[in-house]
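Here is the structure we will look at.
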Amino acid sequence: MAPHHQGESIEMNQRVTRRTFLNFATISLGGALVGPGQYALAADPNSLMDGVAAACRRLAASGWRQMLLDVTGGELDITAPDLASALTRKLTRIDRTYPGFGDFDVAGARAIEAGTPDRSLLYHAFASPAVVADRSGVELASFPTMAEIEAVENYVYGVAPPTMEEIRRQAAGHPLGIVVYALQYNNAPRGVHGRHAQLCFARSGIGRLGTAEPLYDAKHRVFTAAVQDKPFEFRVVPRRYAAYLAVQLSGAWTRFGPQDALPDDDKRKFWVPLHKLFSGSECLKGLDLDLRIKSGLRNDLLSMFHKYLDVQGYKNNWRGEDLEHFPFVIKDEKIGSISQRAEFGTGVLEPRPGPLISPAEYKGRPLTFPVDGRHSKPTNLQLSALQTLPEATFDVPRYLADSGQDDQRSAPQFVNIRHRVMPDGTVQNLNLKPDLRQIIEKGGYDALHYTDGAGDGWVEAHCAQLDGKVDARLPAYAMIGLPDFFPAVNQRDLMLWWQREVPEKVREALWVIPPLALSQTRIAANITLPAGFSVNDATVTSIVSHLEPALGPVQRPNGPLHSGKTGLPDGSPGIFDPGWDTSQGLHFSNPDKPLQRFMAGYGLGSPFIEDAKLCAALGNYWPGVAPDATRTFAPDKQVGGIKYPYPTITPLTDEEIGMAPLPNGTFLPWDGVRGPRVEQVGALRYAIYADAWHTDYIDMLGTMTAALTSRIDLAEYKARTMAMAAVYWALGIRDPEFVGDKSLTATQKVLAAKAAWAVLSFRKILPGDAELAAAEEQSGASLLKGALFRFHLFRWGKDLAESDEKGNQGKPAYSVRVEMLEEATAYMSGSVVLLQRNGGTWTKDTSMPT
């Protein structure tokens with residue numbers, strides 16, 4: 001591993017001792033909500049057993065003692081005087097019909113099974129988000145903190161500590177290393193093998209930036225991003241890491257994974273955890289370990305951008321030594337660091353709260369860059385964002401070209417250029433000027449840089465007592481991404497649904513490219529970081545388990561399942577164009593080897609919301625769990641110098657895009673941009689949209705919210721996607737009827753046909769809707785009384801940019817007026833669509849396969 005340069009990482013200078021497990025930091029700085037209005041207080045343990053006993057004592061009176069007595073037929077009493085014996089005694093009765101215990105490994109027979117968390121009943125009870133209530137549904141009064149879960153976890157590994165010689169024998173001659181993982185205990189459907197609740201490991205993890213301090217939701221065993229009663233605030237979302245002794249093995253799904261194995265994974269090398277490392281004499285027999293955790297984070301978008309300008313021969317005003325300083329490079333604690341909050345336990349990488357976007361300053365002045373007209377030509381502009389890395393241009397849209405993965409992203413792909421800094425230092429907002437596009441295309445001005453708290457980096461472990469005793473030391477790759485607008489929908493769940501349940505005739509053209517999870521992507525970590533990542537190590541996003549002696553039966557969880565994200569790579573999209581939580585770089589070594597890809601945060605937008613706007617406005621452009629805001633802006637968007645419409649795939653409701661008010665009369669669009677309205681001029685009807693070219697999220701800080709989108713779960717997300725697809729089929733856009741040719745594949749043609757229609761309105765309705773009743777009567781069909789959706793679509797024609805020069809409070813309003821050539825209204829439920837075109841007869845359509 002390459003040595004670290006001073007200042008490139010933050011050592012927390014903490015000995016990760018057992019004493020820190022249950023000590024609490026000041027609650028006002030964050031904390032862990034463990035019960036209704038409760039925060040945990042605990043003793044100062046002197047041994048692993050002390051930490052477990054303290055946690056059991058605190059939770060016993062909150063229903064935990066009785067619950068575990070009931071689950072074990074009275075055999076496990078967590079208040080027993082000799083708790084150590086009670087925890088390791090074999091249990092003859094484990095009732096897996098008890099809520100939350102249905103997916104506890106059938107091979108588990110003890111409260112603590114040495115070295116095996118999956119088979120330790122107490123660990124399952126503490127760590128599983130399905131364990132929340134008793135048989136009658138009465139919720140437990142309090143829940144374990146992260147530190148208390150870690151206390152039990154460490155006891156699992158330390159109750160019968162192995163020697164290094166025993167670990168070596170387990171490795172059986174394969175390389176042995178100290179490896180850092182992001183880890184999460186997942187219920188059965190989301191484990192590596194999907195058979196029982198399982199502790200899952202990935203050598204990369206994802207935290208999220210925000211404006212407020214972190215808060216751990218102990219009931220659901222996750223960090224929450226929501227700030228109560230503050231819809232425009234986001235909490236930072238930390239990610240926990242831990243160090244393990246691990247062995248390097250070829251992929252073997254039945255033994256350890258990886259999850260969702262690829263056909264050639266048996267030819268790849270994966271690091272498989274054997275034994276957790278922690279400080280003290282109870283981790284490895286005969287050794288007193290001093291384990292130290294280090295983290296390093298970087299955001300070097302501005303530095304890489306100015307280097308790119310020089311390489312390409314464009315005008316540039318900063319280079320050399322300046323590019324190593326803030327804010328060209330933002331490092332370490334300015335992005336995040338290993339948390340000092342004792343209630344979080346050890347190894348938690350905590351992002352630093354702060355403004356989502358900030359104007360950049362350097363040497364006491366606004367930091368700018370020259371907008372070179374040779375660079376800001378129309379073919380390099382996407383909805384008024386500068387695309388720094390131009391790709392192939394076309395006369396007509398080529399949707400599949402957007403998925404190209406062979407481009408080197410050596411700098412942020414999109415850069416904001418809409419704030420001109422004048423010679424006197426004042427900032428002129430070009431979004432307010434009617435000739436914005438012409439100003440950008442001409443260039444010749446200095447644009448203001450912006451920064452954000454995103455970044456990527458590493459988490460590593462140091463243990464002097466193990467120096468010379470292992471073959472390798474590998475850090476985890478850490479990402480700090482933007483806030484999550486769909487925290488209840490997991491990318492892997494969407495991927496598996498698309499692969500296994502979406503009808504084959506619909507699947508290929510549902511998105512431009514497959515909605516793969518990052519955990520399914522075989523890619524290296526950022527080799528430009530001073531952390532020693534290797535471009536040949538392409539399994540860092542894979543999710544693995546401990547070695548399984550044998551696969552047991554498929555067990556069904558019987559408690560409430562947490563379906564949201566946990567910060568492992570299965571919750572992040574895996575396509576990098578330029579990316580969502582990370583982007584990609586390319587490495588070329590010699591002509592005989594293919595290009596090798598690696599994750600690189602510097603390929604994202606500068607600032608990140610340039611990506612957010614583009615990927616949302618072009619909803620089909622990004623097959624990930626992210627806002628589809630195709631409805632917010634006019635359908636015929638301008639990308640790369642041409643008209644480039646994208647179809648709606650997973651629509652947001654009228655309320656979610658601010659087109660319709662909430663019951664209290666307020667509007668709450670996810671991005672602060674109000675949706676379209678309809679105007680009638682004589683016999684003609686028009687849809688009026690906010691002009692995407694003059695809409696800049698930087699000007700709208702404090703208006704983004706996940707208050708409504710966070711309520712959308714996987715079932716709702718899937719239902720919306722399939723409802724939209726069914727409506728396209730009812731309109732006559734039926735995938736198998738499209739034939740490909742050399743220039744336009746069948747998928748390309750399907751997407752183009754869908755994009756000819758714009759979704760004006762989309763909302764959920766309740767049974768009893770008067771218009772629906774008339775549609776059912778006229779069509780002779782009755783929709784299922786489940787999820788009911790109403791669509792209002794139109795086939796669009798010419799558009800015209802308009803402006804209100806007077807505007808509101810001195811700010812001109814820019815809009816786009818779009819011709820509505822043909823209109824259609826549809827009601828949809830199950831597999832049935834009731835369709836009406838141009839106010840005509842309602843008809844029933846069931847053409848889409850199910």
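The values are calculated or read from the model by the stated rules, or taken from the named source; none is laboratory data. No experiment lies behind these values; they were computed from the predicted model shown. Every residue, glycine among them, receives a Cβ derived from its backbone with ideal geometry; neighbour counts consider all protein chains shown. Only protein heavy atoms, including side chains, enter the accessible area calculation; ligands, DNA and RNA are left aside. Shrake-Rupley method; radii C 1.70, N 1.55, O 1.52, S 1.80 Å.
Residues in the range 62-77 that are within 37 Å of the chain's Cα centre (by Cα) and in contact (Cβ under 8 Å) with a residue 40 or more places away in the chain were compared, and the one that is nearest to A188 (Cα to Cα) is V71.
Just to verify a result, which residue in the range 551-598, among those that are basic (K, R) and modelled with pLDDT of 90 or more, is farthest from F104 (Cα to Cα)? Within the range 551-598, the match that is farthest from F104 (Cα to Cα) is R597.
Of all residues in the range 767-787, those satisfying the criterion of being of a type outside the set (G, A, S) and at pLDDT below 85 are P767, L784, K785.
Scanning the range 582-609 for residues that are part of a loop (DSSP other than H, G, I, E, B), under 19 Å from D537 (Cβ atoms) and open to solvent by 10 Å² or more (accessible area, probe 1.4 Å) turns up F588, S589, N590, K593, P594, L595.
Screening S803 with (1) closer than 30 Å to P434 by Cα; (2) of a type outside the set (D, E, K, R); (3) free of Cβ contacts under 8 Å to residues at least 60 places away in the same chain gives one miss only, at (3). Scanning the range 530-550 for residues that are more than 21 Å from P263 (Cβ to Cβ) and open to solvent by 10 Å² or more (accessible area, probe 1.4 Å) yields a total of 9. Among the residues of the range 672-679, are any over 28 Å from the mean Cα position of the chain (by Cα), closer than 16 Å to A629 by Cβ, touching a residue at least 60 places away in the same chain (Cβ under 8 Å) and assigned to a loop (DSSP other than H, G, I, E, B)? Checking the range 672-679: at least one residue is over 28 Å from the mean Cα position of the chain (by Cα), closer than 16 Å to A629 by Cβ, touching a residue at least 60 places away in the same chain (Cβ under 8 Å) and assigned to a loop (DSSP other than H, G, I, E, B).
So that you can scan it fast, the table gives a plain yes or no per residue for (1) in contact (Cβ under 8 Å) with a residue 40 or more places away in the chain; (2) part of a loop (DSSP other than H, G, I, E, B); (3) surrounded by fewer than 24 Cβ atoms within 10 Å (Cβ to Cβ):
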{"position": "A488", "(1), (2), (3)": "yes, yes, yes"}
{"position": "Q499", "(1), (2), (3)": "no, no, yes"}
{"position": "K505", "(1), (2), (3)": "yes, no, yes"}
{"position": "A509", "(1), (2), (3)": "yes, yes, no"}
{"position": "R522", "(1), (2), (3)": "yes, yes, yes"}
{"position": "I527", "(1), (2), (3)": "yes, yes, yes"}
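Can you find, within the range 117-132, the residue that is nearest to D50 (Cα to Cα) among those that are in contact (Cβ under 8 Å) with a residue 40 or more places away in the chain and over 29 Å from the mean Cα position of the chain (by Cα)? Here the answer is L122. Residues in the range 831-846 that are part of a loop (DSSP other than H, G, I, E, B) and open to solvent by 40 Å² or more (accessible area, probe 1.4 Å): S831, N838, G839, T841, T846. Among the residues of the range 639-657, is there at least one that is at positive phi and in contact (Cβ under 8 Å) with a residue 60 or more places away in the chain? Looking for residues that are at positive phi and in contact (Cβ under 8 Å) with a residue 60 or more places away in the chain, one finds at least one in the range 639-657, hence yes. Assess whether I293 counts as being farther than 19 Å from N416 by Cα, open to solvent by less than 10 Å² (accessible area, probe 1.4 Å) and modelled with pLDDT of 95 or more. No, not satisfied.
In the set E282, E321, E343, only one residue is under 30 Å from N380 (Cβ atoms), of a type outside the set (S, T, N, Q) and either more than 24 Å from the chain's Cα centre (by Cα) or surrounded by fewer than 18 Cβ atoms within 10 Å (Cβ to Cβ) (or both); that residue is E321. Within the range 246-279, being under 22 Å from A531 (Cα atoms), out of contact with any Pro (no Cβ under 8 Å at 6 or more places or on another chain), open to solvent by less than 40 Å² (accessible area, probe 1.4 Å) and not aromatic (F, W, Y) holds for V272, P273, K276, L277.
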